[in-house]
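Where a number appears in this text, it was derived from the coordinates with a stated rule and is not lab data. Not measured: the values here are computed from a predicted model. FYI the Cβ positions are ideal-geometry reconstructions off the backbone, even for glycines, and counts take in every protein chain you see.
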Ligand SMILES: Nc1nc2c(ncn2[C@@H]2O[C@H](COP(=O)(O)OP(=O)(O)OP(=O)(O)O)[C@@H](O)[C@H]2O)c(=O)[nH]1
Ligand SMILES: [Mg+2]
């Protein structure tokens with residue numbers, strides 16, 4: 001299974017790759033970690049590191065670019081090495097760049113995912129628990145994940161990261177959306193069927209890499225994504 005770990009800057013992607021790979025190994029799975037962030041040294045033992053081929057700080061100097069331009073250029077250059085970045089294992093965890101938009105909104109980013117895809121490919125969209133404390137923010141996080149799925153064309157689970165910091169009551173927040181008031185209430189109400197669908201098929205999970213909690217439930221959900229058993233609820 002190829003798993004792309006996605007999410008806004010600082011949402012805990014790299015830490016998750018480090019801790020989840022250990023968790024999977026403790027269950028005797030064969031796991032490989034791939035660093036796809038050309039701007040950051042991996043904080044885990046990377047089986048493949050894009051920085052062996054492309055380093056954003058070098059791209060900045062070589063092409064005389066600022067950080068954003070260099071990130072986009074790095075994404076273009078990464079494509080040239082896509083064969084080297086593709087690995088096989090029972091679980092492959094791909095750590096993606098902090099600037100998610102470079103990966104999601106550039107043609108090269110999309111093409112790279114396309115080339116790295118395997119038979120079973122999915123994403124985990126991490127969102128910091130501190131970012132989803134209100135119904136509106138939870139709604140926006142789930143919608144961001146929908147955008148990620150549409151852009152990358154892979155099923156992607158939404159996981160609230162750092163749940164050791166804030167205990168988010170997802171059910172309660174979604175309930176509040178139903179009875180919410182204000183200018184957006186009409187739109188929000190219409191979104192409920194979508195959230196109910198996503199919360200069934202792509203359940204909103206809570207994980208903590210610090211406490212290593214939610215890891216087993218995440219594994220079952222990953223399995224469900226590719227389960228051919230019909231009822232995915
Ligand atoms: N409390 C808590 N902190 C966490 C958890 N996971 C990560 N962090 C912290 O959050 C910060 C960012 O974590 P990273 O893993 O570097 O996040 P990232 O998404 O890879 O960051 P970028 O690659 O820069 O986008 C670090 O200080 C981590 O120690 C968690 O489960 N709980
Ligand atoms: Mg990172």
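Brief remarks follow.
- Here the calculated FRET efficiency for residue 220 and residue 114, from their Cβ-Cβ distance with R0 = 30 Å, stands at 0.60, rounded to the nearest 0.05.
- Where the alpha-carbon atoms of the range 3-127 are placed on the principal axes, they occupy 47, 27, 24 Å, in descending order.
- The orientation-averaged projection of the convex hull spanning the C-alpha atoms of the range 19-76 amounts to 4.3 square nanometres.
- Crossing angle, helix 67-80 versus the chain [Cα axis fit, 0-90 degrees, rounded to tens]: 70
- Taking each DSSP H run with n ≥ 4 as -39500 (n - 2.57) and averaging over every residue of the chain yields -14500 deg cm²/dmol at 222 nm.
- Extension gain (nm, one decimal) between residue 58 and residue 143, 0.36 nm per residue minus Cα-Cα: 27.1 nm
- Peptide packing: for 79-88, 209-218, the average count of neighbouring Cβ atoms within 10 Å per residue gives the ranking 209-218, 79-88, highest mean first.
- Considering only Cα atoms, the convex hull volume of the chain works out to 126 Å³ per residue.
- In this calculation the C-beta distance from residue 194 to residue 169 is compared with R0 = 22 Å, giving a FRET efficiency of 0.65.
- log₁₀ of I(q)/I(0) at q = 0.12, 0.25 Å⁻¹ - the range 109-168, Debye sum with one point per alpha carbon: -0.34, -0.97
- DSSP-defined beta bridges in the range 2-220 - what % are antiparallel, rounded to 5: 5
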